[in-house]
Amino acid sequence: DAGVHSKAWYAATCDRKTAEDALYRSNKDGSFLVRKSSGQDSRQPYTLVVFYNRKVYNIPIRFIESTRQYALGREKTGEERFDSVAEIVENHQCTSLVLIDSQNNTKDSTKLKHIVRVS
């Protein structure tokens, strides 16, 4: 269990567009939510959606079968792994999360500060 179901930041039935619209409306750096990923892929069950600097970032949350842990983004050497999605969120409420804009090839970072609820 990823530890998401009882969390205020988990938007279970929310699609990408709804999540992005909600974050644009919040218009606060560090606003975030977690939604189910669009594809039905067990290796990437969730997406962390973060608002920063007038942009919305959709960061895949991967499930690593071999260790039964979760990690953010594409697989990389020395990546941080967590036992649940809740741990990822808790960690990045204290530690900055690196946001990579692949279109503009820029890097930013922010902490997860404001939970956005999708109605």
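A short reminder: the numbers here are calculations on the coordinates, not readings from a lab. Because the structure is predicted, anything quoted here is derived from the model rather than measured. Cβ placement follows ideal geometry from the backbone for every residue including glycine, while neighbour counts extend to all protein chains displayed.
For the chain, give the share of DSSP beta bridges that are antiparallel, in percent and rounded to the nearest 5; count only bridges with both residues there. Intermediate values should be presented prior to the final figure.
Details: 23 of 27 bridges.
Around 85 percent of the beta bridges assigned by DSSP in the chain are antiparallel ones.
Can you report the principal axis dimensions of the range 16-115 using only the alpha carbons, biggest first, rounded to whole angstrom?
Answer, in whole Å and largest first: 38, 27, 26 Å.
Rounded to whole Hz and in sequence order, give me ³J(HN,Hα) for the range 30-45 from the Karplus expression 6.51 cos²θ - 1.76 cosθ + 1.60, θ = phi - 60°, writing x for Gly and Pro.
So the Karplus estimates, Gly and Pro as x, are x, 5, 7, 7, 10, 10, 5, 5, 4, x, 8, 10, 5, 7, 9, x Hz.
Go ahead and estimate [θ] at 222 nm for the chain from helices alone: -39,500 (n - 2.57) per DSSP H run with n ≥ 4, summed, over the residue count, rounded to 500.
Rounded to the nearest 500, it is -5500 deg cm²/dmol.
Taking LYS111 as the anchor, which lysines have their alpha carbon closer than 17 Å to its alpha carbon, excluding any fewer than eight residues away along the same chain?
Answer for LYS111, where 17 Å is the Cα cut-off: LYS28, LYS55, listed by chain and number.
So which aspartates and glutamates pass the test for LYS113, namely a Cα distance under 13 Å, with those fewer than 8 places away in the same chain ruled out?
Within the straight-line limit of under 13 Å, LYS113 reaches these aspartates and glutamates: ASP29, GLU90.
For the chain, modelled as a Gaussian network with Cα springs under 10 Å, which listed residue fluctuates most, THR18, THR47, THR67?
THR67
At R0 = 25 Å, how high is the FRET efficiency between SER66 and ASN91 if r is their beta carbon distance? Nearest 0.05 is fine.
Calculated value: 0.75.
In nm², what is the average projected area of the convex hull enclosing the Cα atoms of the range 51-93?
One quarter of the hull surface, i.e. the mean projection, equals 3.5 nm².
Just to be sure I understand: with springs between alpha-carbon atoms less than 10 Å apart, which residue in SER102, SER84, SER42 has the highest mean-square fluctuation in the Gaussian network model of the chain?
Fluctuation is largest for SER102.
Determine the gain in length on full extension of the stretch SER6-LYS107; use 0.36 nm per residue of separation and subtract their C-alpha separation, reporting nm with one decimal.
Values: separation 101, 0.36 × 101 = 36.36 nm, distance 3.16 nm.
Using 0.36 nm per residue and subtracting the Cα-Cα distance, I get 33.2 nm.
For the chain, set up a Gaussian network in which alpha carbons nearer than 10 Å are linked by springs, and say which option among VAL89, VAL49, VAL98 fluctuates the most.
Answer for the Gaussian network model of the chain: VAL98.
Take the alpha carbon gyration tensor of the range 1-70, find the square roots of its eigenvalues, order them as a ≥ b ≥ c, and report rounded if a/c is under 1.5; if not, report prolate when a/b exceeds b/c, else oblate.
Prolate, because a/c is 1.5 or more and a/b exceeds b/c.
Would you list which lysines come within 20 Å of LYS76, measuring only between C-alpha atoms, while excluding same-chain residues fewer than 8 positions from it?
Cα-Cα hits under 20 Å: LYS107.
To two decimal places, what compactness ratio does the range 57-119 give when its Cα radius of gyration is scaled by 2.2 N^0.38 Å? The partial results should precede the final answer.
Numbers: Rg = 12.6 Å, N = 63, 2.2 N^0.38 = 10.6 Å.
Here the Cα radius of gyration is 1.19 times the empirical estimate.
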